[in-house]
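Reviewing the structure listed below.
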Amino acid sequence: MDIAERVLNGDRRAVARLITMVENNHPEVRELMRELYPHTGKAHVIGITGAPGSGKSSLVNKMTGEYRKRGKSVGVIAVDPTSPFTGGALLGDRIRMQSHATDKEVFIRSMGTRGSLGGLSRATSDAITILDASGKDVIIVETVGAGQSEVDIVNSSHTPIVVLVPGMGDEIQAIKAGILEIGTIFVVNKADREGVERVLVDLEMMIDLAGYGEDEWVPPILQTVAVRNEGIKELVDTIEEHMKYLASTGGLDKRIRDRVRAGLKDWIREEGVHIVLNNLKEAGEYEPLIDKMVKREVDPHTAAVDAIKRVRNR
Amino acid sequence: MASDRIVRVLLAKPGLDGHDRGIKVVARSLREAGMEVIYTGLHQTPEQIVEAAIQEDVSVVGLSILSGAHMALAPRVVELLKEEGAKDILVTIGGIIPEDDIPELEKIGIKGIFGPGTTTEEIVEFIVNNAPKD
Ligand SMILES: Nc1nc2c(ncn2[C@@H]2O[C@H](COP(=O)(O)OP(=O)(O)OP(=O)(O)O)[C@@H](O)[C@H]2O)c(=O)[nH]1
Ligand SMILES: [Mg+2]
């Protein structure tokens, strides 16, 4: 049995190994992903982002518990930053997710952001596909949301959740622009702390200003205390409601199409660059072209367009 | 496409002692050496450690045991890994391990055994040189 078939049978070791192969750009991965793809698209993908230490992992842990109570199997992908200097990473999200460590219906995987632009969204997207293929009903992706690709990952889920905490001063201002826009549910975690009211008011104002239409989904604001399991049931209820809303309004189709579109673009970018560069190199024109650009005889855009034309006419 | 393998290491503290300063220093040094370090926290059972090692697909498991329970905990981890068919994973231990226990631990396949005098450089070097490459 090949590794893709083992993944389809829910074999944990195969799931784990295939995710590693994805992360390492293993040459056999594309073929294996092709085998899995027709069997995917069944899982409900939830994205969760927010400032470092806001309690994302603690929330994921408790949400996982709630979904297990409801009979759903759960996959978790927890993304932490890779050091740009050493390529290493400290992946500590599991510390807060120990309640489910030996539950065979829960699969938790930590991933470093690693280097390349776009590489992260491809790797997490493949990891989601793998967990989906292995039969997980719900897949939760946690990222700190520091970079654009991390925000994109959460945004491409069915239900993006943004976590805030009270007591940081200008909470709303402190959150990176672009993150608030993607929230379909806002969670004010650590609601046991001072200053909850202020975050709530700020969030409400922001949502008000956004001017949602009559039958649009207006992002609900929920309060949780993850460490005490407070507000978790309501959070999962709201996530399920959002999924129902998506399914009943065609929003789900739109999200799926958007995600597929983004995936196609990612891959065209990746493969297209290879094809064009290899073509130049094989023709022995690569370094001479670089020389020309260095001497300012041709500008990079013209050079790129010419190179693409050459491939097309081949 | 080239394959860019990064060594993944699971660091865990089985048993009851609550001292995690040492293991955190090791975690940071391994990261500095370009590895991905999955830290799972305190009070882990061998079952939890092995399940995490499988899901995270690590090639190295580092145990920190200061409680004196290493002769119960470490062999159990090795045994469970074997049951899972993951015996290729390198298992190392750091902590207070009496000389007398070392041969027994080595016999069951534990490879790096680091006593209190060990520097983090030595641990990093050992893992760099001994992490299985498949
Ligand atoms: N008081 C309080 N503390 C909480 C709550 N939820 C989480 N914490 C604590 O906040 C700290 C950070 O929690 P994590 O769940 O690791 O937060 P995170 O957002 O995943 O952190 P990173 O992944 O490092 O960005 C831990 O010490 C938690 O125990 C809460 O509702 N109330
Ligand atoms: Mg976390």
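The values are calculated or read from the model by the stated rules, or taken from the named source; none is laboratory data. Fair warning: this is a prediction, and the values are worked out from it, not measured in the lab. Positions of Cβ are generated from backbone atoms using ideal geometry, with glycine treated the same way; all protein chains shown enter the neighbour counts. Surface accessibility is based on the protein's heavy atoms, side chains included, excluding ligands, DNA and RNA. Shrake-Rupley method; radii C 1.70, N 1.55, O 1.52, S 1.80 Å.
When both the range B:22-73 and the range A:63-85 are represented by their alpha-carbon centers, they are found 19 Å apart. Summing +1 for each Lys or Arg and -1 for each Asp or Glu among the other residues whose beta-carbon sits under 14 angstrom from that of A:ARG96 gives +2. Computed in the context of the full set of protein chains, the accessible area of chain B at 1.4 Å probe radius has 54% of its extent on carbon or sulfur. Per residue, the Cα convex hull of the range A:264-313 amounts to 75 Å³.
Residues considered: B:GLU56, B:GLU32, B:GLU99. Largest GNM mean-square fluctuation over chain B, using C-alpha springs under 10 Å, is found at B:GLU99.
Counting only other chains, and only Cβ atoms inside 10 Å, what mean value do you get across the residues of A:26-37? If you can, show how the numbers build up before the last one.
Numbers: counts 5, 3, 1, 2, 1, 0, 0, 0, 0, 0, 0, 0.
Rounded to a whole number, the mean comes out at 1.
A loss of 50 Å² or more of accessible area (1.4 Å probe, protein heavy atoms, ligands and nucleic acids excluded) relative to the isolated chain is seen in these residues of the range B:17-66: B:ARG31, B:GLU36, B:TYR39, B:GLN48, B:GLU51, B:ILE54, B:GLN55, B:GLU56, B:ASP57.
Could you work out [θ]222 nm for the protein assembly as shown from helices alone, using -39500 (n - 2.57) per DSSP H run of at least four and dividing by all its residues? Round to the nearest 500 deg cm²/dmol.
Value at 222 nm, helices only: -14500 deg cm²/dmol.
Under 8 Å for C-alpha pairs, at least 6 residues apart: give me the relative contact order for the range A:3-249, rounded to a whole percent.
On the way: 419 pairs, mean separation 57.8, N = 247.
Relative contact order, the range A:3-249: 23 percent.
Give the shape of the range B:9-134 as rounded, prolate or oblate, defined through the alpha-carbon gyration tensor: a ≥ b ≥ c are the square roots of its eigenvalues, a/c under 1.5 means rounded, and otherwise the shape is prolate if a/b is larger than b/c and oblate if not. Display every interim value, and only then the final one.
Details: a/c = 1.19, a/b = 1.01, b/c = 1.18.
Rounded.
Toward the positive end of the charge dipole of the protein assembly as shown, about the Cα centre and with charges on Cβ (Lys, Arg +1; Asp, Glu -1), which of A:VAL45, B:ALA52, A:GLN223 goes farthest? Most positive-ward Cα: A:VAL45. Once you treat every alpha carbon in the range A:152-273 as an equal point and sum by Debye, what is log10 I(q)/I(0) at q = 0.11 Å⁻¹? Here the Debye-derived log intensity ratios amount to -0.45. Interface residues of the range A:74-90, defined as those with an accessible-area decrease of at least 20 Å² between the chain by itself and the complete set of protein chains (probe 1.4 Å), are A:THR86, A:GLY87, A:GLY88, A:ALA89, A:LEU90.
Heavy-atom surface analysis with a 1.4 Å probe gives chain A a carbon and sulfur content of 53 percent of its accessible area. Across q = 0.15, 0.24, 0.25, 0.28 Å⁻¹, the range B:78-134 modelled as identical point scatterers on its alpha-carbon atoms has Debye log10 I(q)/I(0) values of -0.48, -1.05, -1.10, -1.20, in the order of the q list.
Count Lys and Arg as plus one, Asp and Glu as minus one, and take only other residues whose Cβ is under 13 Å from that of B:VAL26; the net charge is then 0. Projecting the Cα positions of A:ASN189, A:ALA262, A:MET21 onto the charge dipole of chain A (unit charges on Cβ atoms of Lys, Arg, Asp and Glu, taken about the Cα centre) puts A:MET21 furthest along the positive direction.
Can you tell me the convex hull volume per residue for the protein assembly as shown, based on C-alpha atoms, in Å³ to the nearest whole number?
Values: hull volume 85.1 nm³, N = 448.
Measuring per residue, one finds 190 Å³ for the Cα hull of the protein assembly as shown.
Only protein heavy atoms count here, probed at 1.4 Å, and on that basis chains B and A bury about 3000 Å² of accessible area in total.
Rank-order B:86-95, A:214-223, A:12-21 by packing density, defined as the average count of other C-beta atoms within 10 Å over each peptide's residues, highest first. Mind showing how you got there, number by number?
Values: B:86-95: 19.9, A:214-223: 14.3, A:12-21: 21.4.
Answer by packing, highest mean first, reads A:12-21, B:86-95, A:214-223.
The largest-to-smallest principal axis extents of the Cα set in the range A:194-240 are 35, 28, 8 Å. For A:THR86, the shell of other residues with beta-carbons less than 9 Å away shows a net charge of 0, using +1 for Lys and Arg and -1 for Asp and Glu.
Basic side chains Lys and Arg get +1 at the Cβ, acidic Asp and Glu get -1 at the Cβ, and with that the dipole of chain A about its Cα centre reaches some 900 debye. Which percent, nearest 5, of DSSP beta bridges in the range A:3-249 are antiparallel? That works out to approximately 5 percent antiparallel.
Taken per residue, the accessible surface of the protein assembly as shown reaches 48 Å², heavy atoms only and a 1.4 Å probe. The average projected area of the range A:1-131, computed from the convex hull of its Cα atoms over all directions, is 8.5 nm².
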